[in-house]
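First up is the structure itself, then whatever we jot down about it.
The values are calculated or read from the model by the stated rules, or taken from the named source; none is laboratory data. Quantities reported herein were computed from a predicted structural model and do not represent experimental measurements. All Cβ positions, even for glycine, are placed from backbone atoms using ideal geometry, and neighbour counts span all protein chains on display.
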Amino acid sequence: MPRQMHFIGFCIAGPNWHHNGSWRHDESDALDALNPARYENIARILESGKFDGLFFVDVLTLYDSFGQNFRANIRQPGQMFMLEPVQLLAAMARVTTHLGLAATMSTAFYHPFHIARTFATLDHISGGRAAWNIVTSANDREAQNFGLDRLMERGLRYDHAEEVLEACHALWNSWDEDALILDRENAIYADPDKVHYVDFEGRWVKTRGPLQTPRSPQGSPVLMQAGSSERGREFAARWGEVLFTLQHDKADMQAFHADIKARMQKYGRPPEHCAVLPAIDIVVGETESIAREKAEYLNSLVSPELGVAEIANHTGVDLSGYPLDEPLKDMEITQGSRGVFDVILRGSQSKNLTLRDAGRHYAISELTPQLVGTPQTIADRMQDLFESEACDGFVIVPSLTPSGYVQFVKSVVPELQRRGLYRTDYTGRTFRENLRS
């Protein structure tokens, strides 16, 4: 079967996603950010477009790096993570039958037993469609919400995460596939010889087991990850089944894609067992001019100052004292994501952007490539990236919800299907099966 694209939908359980002005648009559903019906509707739309899945990005603090307070992110909603994603996914599972469902959960704050039970339960609820977006966390504010002073040293976070993954897999495997007997006549619900203690003990993590949740349909959730640092890439090559990436151009995408696939070899993993999916932002119009007008109006709603605050939040560097109209320079990153800052810096330096300019660009799509055009021209660009081995598909991050998803599903998806680049129906029973089909 010819290679086909994979799509994952990007979600945040809050008003804005990557575009900080979209909540002001009349078509936006952002004012329903606390209503679960909003997310159920999005799930239905994505399943109608045969998406592999969706995932919720999540952070465990109200951002306050800019000016050391949260005023900028409250007055105008930047990325606000308002609801707990796993509970939303349980609701979304009940209105879909094929769509993969992924939540972010941090290895820094959640014990492997909690993680393993949560995703085993979601996998049962969804009939084999659960996924875990693994993060190690990047901000001491998150640690302080969990009673800690600071995060573990950056160099140790992935080592700790490796141990958490090993413990989780031991717990998921504590029930054999055929442990449930369900024999009423002989009064045997489960075979105790097929349920096992784990007795896992590592440097940081200890758990006795077994998990009290029986083995789930997939055995373990699909594992997502977004690390772009050297250590993050190595972690991804060992564990990742879906990688959420952010690059500006085809050459960077190709280099990242090739690097991950090469690293997988030493872990004995076939390259098709990890889908590398760069994020793209889509604005579709019936004509090129209509698409540009839509994008220009939508982008006019952003706040560059809030964009600067978002850069501060995502890097952990308080930019409130930096001049807005001077070029953005490199700086030491001790909090937040160095990988995120490197993307911002490369995009800014290549265009000699001031901090205000960088803030405006970041406000529009957090420097995710914004593809603006007709269904045909957008499909052309996606096809070129896909066939150039720059990716295995895409994380779709619409500027405007839900209409961005609706327009993509109704116009771009059929064009890609016509070209034989995208599935016309689901072929797998589980999320993992669809990813590997």
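For the range 2-51, the candidate set comprises residues that are polar (S, T, N, Q) and in contact with a Leu (Cβ under 8 Å, 6 or more places away or on another chain); within that set, the residue that is nearest to TYR63 (Cα to Cα) is ASN20.
Of everything in the range 239-258, what is buried (at least 16 other Cβ atoms within 10 Å of the Cβ) and in a helix (DSSP H, G or I)? Give them in sequence order. Give the steps one after another, and end with the answer.
At the first step, the residues of the range 239-258 found to be buried (at least 16 other Cβ atoms within 10 Å of the Cβ) are 239-247, 250, 252-254, 256-257.
Across the range 239-258, the qualifying residues are TRP239, LYS250, ASP252, MET253, GLN254, PHE256, HIS257.
Residues checked against (1) closer than 20 Å to LEU243 by Cβ; (2) part of a helix (DSSP H, G or I); (3) touching a Pro at 6+ places or on another chain (Cβ under 8 Å):
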site: ILE74; (1), (2), (3): no, yes, no
site: GLN87; (1), (2), (3): no, yes, no
site: ILE115; (1), (2), (3): yes, yes, no
site: ASN133; (1), (2), (3): yes, no, no
site: GLY147; (1), (2), (3): no, no, no
site: GLU163; (1), (2), (3): no, yes, no
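Please tell me if ARG436 is without any contact (Cβ under 8 Å) to a residue 60 or more places away in the chain and touching a helix residue (DSSP H, G or I) at 6+ places or on another chain (Cβ under 7 Å). Taking the combined requirement at face value, the residue does not satisfy it. For the range 87-102, the set of residues classified as touching an Asp or Glu at 6+ places or on another chain (Cβ under 7 Å) and surrounded by 24 or more Cβ atoms within 10 Å (Cβ to Cβ) consists of MET92, LEU99, GLY100, listed by residue number. A search for C-beta distances below 9 Å between a residue of the range 284-307 that is in contact (Cβ under 8 Å) with a residue 12 or more places away in the chain and any residue that is loosely packed, with under 13 Cβ neighbours inside 10 Å, counting only pairs 6+ apart in sequence or on different chains, returns LEU306/ARG75. For the structure I just gave you, tell me whether THR354 is over 26 Å from LYS261 (Cβ atoms) and modelled with pLDDT of 85 or more. No, not satisfied.
Annotation note: Cβ proximity below 7 Å between a residue of the range 206-235 that is more than 23 Å from LEU122 (Cβ to Cβ) and free of Cβ contacts under 8 Å to residues at least 40 places away in the same chain and a residue that is of a type in the set (A, V, I, L, M, F, W, C) and part of a strand (DSSP E or B) (sequence gap 6+ or interchain) occurs for LYS206/PHE200.
Every residue, every condition in (1) of a type in the set (Phe, Trp, Tyr); (2) surrounded by 14 or more Cβ atoms within 10 Å (Cβ to Cβ); (3) within 24 Å of the chain's Cα centre (by Cα), yes or no:
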site: TYR267; (1), (2), (3): yes, no, yes
site: PRO270; (1), (2), (3): no, no, yes
site: LEU277; (1), (2), (3): no, yes, yes
site: ASP281; (1), (2), (3): no, yes, yes
site: THR287; (1), (2), (3): no, no, no
site: LYS294; (1), (2), (3): no, yes, no
site: LEU301; (1), (2), (3): no, yes, no
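If you filter the range 149-161 down to residues that are touching a residue at least 24 places away in the same chain (Cβ under 8 Å) and part of a loop (DSSP other than H, G, I, E, B), you find that the one that is surrounded by the most Cβ atoms within 10 Å (Cβ to Cβ) is LEU151. Here THR334 meets the list (1) at pLDDT below 85; (2) part of a helix (DSSP H, G or I); (3) of a type outside the set (Gly, Ala, Ser); (4) surrounded by fewer than 20 Cβ atoms within 10 Å (Cβ to Cβ) almost entirely, failing just condition (2). In the range 397-419, the residues that are under 19 Å from SER22 (Cβ atoms) form Cβ pairs under 9 Å with partners that are assigned to a loop (DSSP other than H, G, I, E, B) and of a type in the set (Lys, Arg), at six or more places apart or across chains, as follows: VAL409/LYS50. For the range 9-52, a tally of residues being surrounded by fewer than 17 Cβ atoms within 10 Å (Cβ to Cβ) and of a type in the set (A, V, I, L, M, F, W, C) returns 3.
When TYR110 is tested against (1) within 26 Å of LEU211 (Cα to Cα); (2) more than 21 Å from the chain's Cα centre (by Cα); (3) surrounded by fewer than 19 Cβ atoms within 10 Å (Cβ to Cβ), just one condition goes unmet, and that condition is (2).
What helices (runs of 4 or more DSSP H), lying completely within the range 366-430, carry at least 1 residues that are surrounded by fewer than 20 Cβ atoms within 10 Å (Cβ to Cβ) and more than 22 Å from the chain's Cα centre (by Cα)? It would help to see each step written out before you state the result.
On the way: elements: 375-387, 403-407, 413-418.
Once the helices (runs of 4 or more DSSP H) in the range 366-430 are filtered for at least 1 residues that are surrounded by fewer than 20 Cβ atoms within 10 Å (Cβ to Cβ) and more than 22 Å from the chain's Cα centre (by Cα), what remains is 375-387, 413-418.
Scanning the range 171-181 for residues that are surrounded by fewer than 21 Cβ atoms within 10 Å (Cβ to Cβ) and in contact (Cβ under 8 Å) with a residue 24 or more places away in the chain gives ASN173, ASP176, GLU177, ALA179, LEU180. For the range 260-304, a tally of residues being touching a strand residue (DSSP E or B) at 6+ places or on another chain (Cβ under 6 Å) and part of a strand (DSSP E or B) returns 9. Looking at ALA167, ALA138, ALA143, ALA116, just one residue is closer than 19 Å to ASP58 by Cβ, touching a Ser or Thr at 6+ places or on another chain (Cβ under 9 Å), surrounded by 15 or more Cβ atoms within 10 Å (Cβ to Cβ) and without any contact (Cβ under 8 Å) to a residue 60 or more places away in the chain, and that residue is ALA143.
Here is a list: LEU83, LEU88, LEU34. Which entry is modelled with pLDDT of 95 or more and under 18 Å from VAL135 (Cα atoms)?
Testing whether each residue is modelled with pLDDT of 95 or more and under 18 Å from VAL135 (Cα atoms) leaves just LEU83.
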